[in-house]
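Take a look at the structure below.
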Amino acid sequence: MRFFRISLLPLALLAVAACHDDGVSVNNRPPLGGVRFVNAVADGGPVDIRMVDQVEWSASSVADNSVCCGLPFRGGTTHWATEAKARHIRVFPADSNIAVVTQILHDTTITIEANKNITLMLVGSRAAGGKVSFVTIDDNPGTVASNQIATRLVNAGQAPAASGYITATATTPLPAAATFATVAPRAAANYVLRPTGNFAIQASPAGDNTTVWASAAAPAGAPADGLIGATAGALGGGSAFSAYLFPRSVAGSAAPQSAAFQAPALVYFVDLIPAPPR
């Protein structure tokens, strides 16, 4: 971020002039909702997602952890403050070739509600004859006490249904009963509240506690420390997060083909940041 030195005199003169100018207008903040984008298309490369009806108060696929060039498969953004109303959204391929990036993969209008966080999860196929679209996931866990966290499993695959287990570690044998019994494809389980403390989530085919598709320790986060607020995670009281179960990438497609993408995987996204200390 660059800071520029500005003379205080012109600002003072402007302030005085504004006090005597009845025509000065103030841009009020519109009603806002939070919108996060997640790319769950297993056979395509990165995408560029834009709200094309206006520039201000518009979510996009720019992620705080992206290095370059679009939102990749299994990638997600933060919740962008977005004007709550019917919003025109388009999805484009991310590429350096103008002939590619001007193609429209999906064109839709979605109504954003005020004071509500959602995820727009891009699903479908980019193979010949395929189509992509959004699935809306509600990211509002309700009240989470300062000594609790809320978590859930989201099944980002097309099929089949999944079960999720909260265990002490990512390799702990699965118990008989699942924490998230049956999570349909492209759907989210209900949030579960639990005391703060480290844990993992393991995912399996629904009703099968012997086959583990994917497992991952929850992000640790950190508890509040004096004037320093808690960080979202297993130790961060008052936080909420989702474990997204992504399928493996489609072999030979434009999606990543490294070893990490040749099997299903769990990726965590923060849904609720702990309230700052008062």
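Every number here is computed from the coordinates shown, using simple stated rules; none is lab data. Keep in mind the model is a prediction, meaning the values are calculated, not measured. Please note: Cβ atoms are built from the backbone with ideal geometry, for glycine as well, and neighbour counts cover all protein chains shown.
Here are the numbers for this structure:
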quantity	calculated
Dipole moment magnitude, nearest 20 debye, region 29-140 about Cα centre, only Lys, Arg, Asp, Glu C-beta charged	100 debye
Three-way shape label, the chain, alpha-carbon gyration tensor, a/c 1.5	oblate
Residues whose placed amide H lies under 5 Å from that of Ala127, excluding near-sequence neighbours	none
Net charge contributed by nearby residues that have their C-beta within less than 12 Å of Phe246 (K/R +1, D/E -1)	+3
Pairwise label distance in nanometres, Ala275 with Ala260, each label 7 Å out on the Cα-Cβ vector	3.6 nm
Inter-label distance, nm, simple model (7 Å from Cα along the C-beta direction), Ala99/Lys85	3.9 nm
For Val41, residues with placed amide H under 5 Å, excluding near neighbours	Arg74
For a label point 7 Å along the Cα-to-beta-carbon line of Ser146, residues of region 166-201 with backbone N under 15 Å	196
Net charge over other residues, Cβ less than 13 angstrom from the Cβ of Gly233 (K, R count +1; D, E count -1)	0
